Amino acid sequence: MMGVLGGTFDPVHFGHLRPALEVCQELSLREVRLVPLRQAVHRPQPLASPDQRLAMLKLAVAGEPGLALDDRELRRVGPSYSYDTLVELRAELGAEEGICLLLGADAFAGFLSWHRPDDILGLAHLVVMRRPGDVPGEPAAMDEALRVWAVPRLCSSPAALAEAPAGRIWFQDVTPLAISATQIRRLVARGRSPRYLLPDAVIALIVGDGLYR
Ligand code: ATP
């Protein structure tokens, strides 16, 4: 099975990296690919350029075999839809291999407003990572429409993900890290240190390029 974590990564931080690595190991994924988006659909556009976000991600995953970088959305013009990315990945990996789309609980809360949510689940499983301070990643905290949609697809153990290439939803406990890129951009803008929230090498790039000031 292969994992995919999409996002703006503006910048990438330990709240992305640690949960992604934990999911990779808990679910015995081949790897988790971090997929930076080019043009956001549901949120303001990133401040750092595609090249800067890619460079930060490269530094962040260097030397970690469980995490890889996939720049296909940056190379695609127009809005970055996870659906399009999953169609491409499915074509590359074949019909049999499981694909797990990782997303934070906050992202999952809005999932039904994504482009073609049902078709996304036809292409991949959803692995929801709990994120502190946001909507807790539990079925009880989903709104009614999401609950009605998700409950029949929830699996009772992660082993069920390996039995199909797509179509199931699993809530994965990960170390709760209340870190957000917004918080980091605000700290840098106020001249405060973001140290220990993200890799030092990424901070060095932010400082060197004068990002988020
Ligand atoms: P911003 O603060 O700019 O909105 P962010 O920190 O939420 O950014 P994104 O790049 O938008 O980062 O997130 C990509 C994916 O990672 C989303 O699915 C999001 O829910 C998840 N994610 C981000 N931060 C965390 C965290 N601390 N714990 C768990 N999941 C996270």
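Quick rundown of the values:
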{"read-out": "The lone exception for Val174 - which of (1) near the ligand (Cβ under 10 Å from one of its atoms); (2) touching a strand residue (DSSP E or B) at 6+ places or on another chain (Cβ under 6 Å); (3) not in a loop (DSSP other than H, G, I, E, B) it fails", "value": "(3)"}
{"read-out": "Selection status of Leu21, among the aliphatic types (A, V, I, L, M), more than 10 Å from the ligand (Cβ to nearest atom) and touching a strand residue (DSSP E or B) at 6+ places or on another chain (Cβ under 7 Å)", "value": "yes"}
{"read-out": "Out of Ala48, Ala68, Ala95, sole residue that is among the hydrophobic types (A, V, I, L, M, F, W, C), part of a strand (DSSP E or B) and over 29 Å from Ala145 (Cβ atoms)", "value": "Ala68"}
{"read-out": "Pairs, first within 16 Å of Gly122 (Cα to Cα) in the stretch 74-93, second exposed (fewer than 15 other Cβ atoms within 10 Å of the Cβ), C-beta under 7 Å, six or more apart", "value": "Tyr81/Val41; Tyr81/His115; Tyr83/His115; Tyr83/Asp119"}
{"read-out": "Per-region count, the stretch 24-49, residues near the ligand (Cβ under 10 Å from one of its atoms) and under 22 Å from Asp173 (Cβ atoms)", "value": "1"}
{"read-out": "Scan of the stretch 75-105 for residues that are of a type outside the set (S, T, N, Q) and within 15 Å of the chain's Cα centre (by Cα), ordered by number", "value": "Tyr81, Tyr83, Leu86, Ile99, Cys100, Leu101, Leu102, Leu103, Gly104, Ala105"}
{"read-out": "Sole residue being modelled with pLDDT under 95 and at negative phi, chosen from Pro165, Pro176, Pro199, Pro194", "value": "Pro176"}
{"read-out": "The stretch 159-178 residues that are of a type in the set (S, T, N, Q), paired with ones that are surrounded by fewer than 18 Cβ atoms within 10 Å (Cβ to Cβ) (beta carbon under 8 Å, 6 or more apart)", "value": "Gln172/Glu22; Gln172/Glu26; Thr175/Arg18; Thr175/Glu22"}
{"read-out": "Pairs where the first residue, in the stretch 108-119, is in a loop (DSSP other than H, G, I, E, B) and the second is surrounded by 15 or more Cβ atoms within 10 Å (Cβ to Cβ), C-beta under 6 Å, 6+ apart", "value": "His115/Tyr81; His115/Tyr83; Arg116/Tyr83"}
{"read-out": "Those residues of the stretch 177-195 which are more than 15 Å from His16 (Cβ to Cβ) and either more than 13 Å from the ligand (Cβ to nearest atom) or aliphatic (A, V, I, L, M) (or both), in sequence order", "value": "Leu187, Val188, Ala189, Arg190, Gly191, Arg192, Ser193, Arg195"}
{"read-out": "Some residue of the stretch 62-69 being away from the ligand (no atom under 14 Å from the Cβ) and touching a Cys at 6+ places or on another chain (Cβ under 6 Å)", "value": "yes"}
{"read-out": "Number of the exception - Pro152 against (1) at negative phi; (2) in contact (Cβ under 8 Å) with a residue 40 or more places away in the chain", "value": "(2)"}
{"read-out": "Set Glu64, Glu22, Glu26: member being in contact (Cβ under 8 Å) with a residue 40 or more places away in the chain, touching a Pro at 6+ places or on another chain (Cβ under 8 Å) and on the phi < 0 side of the Ramachandran plot", "value": "Glu26"}
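The values are calculated or read from the model by the stated rules, or taken from the named source; none is laboratory data. These numbers were taken from a predicted model, which means no experiment stands behind them. Note: ideal-geometry Cβ built from the backbone for every residue, glycine included; neighbour counts use all protein chains shown.
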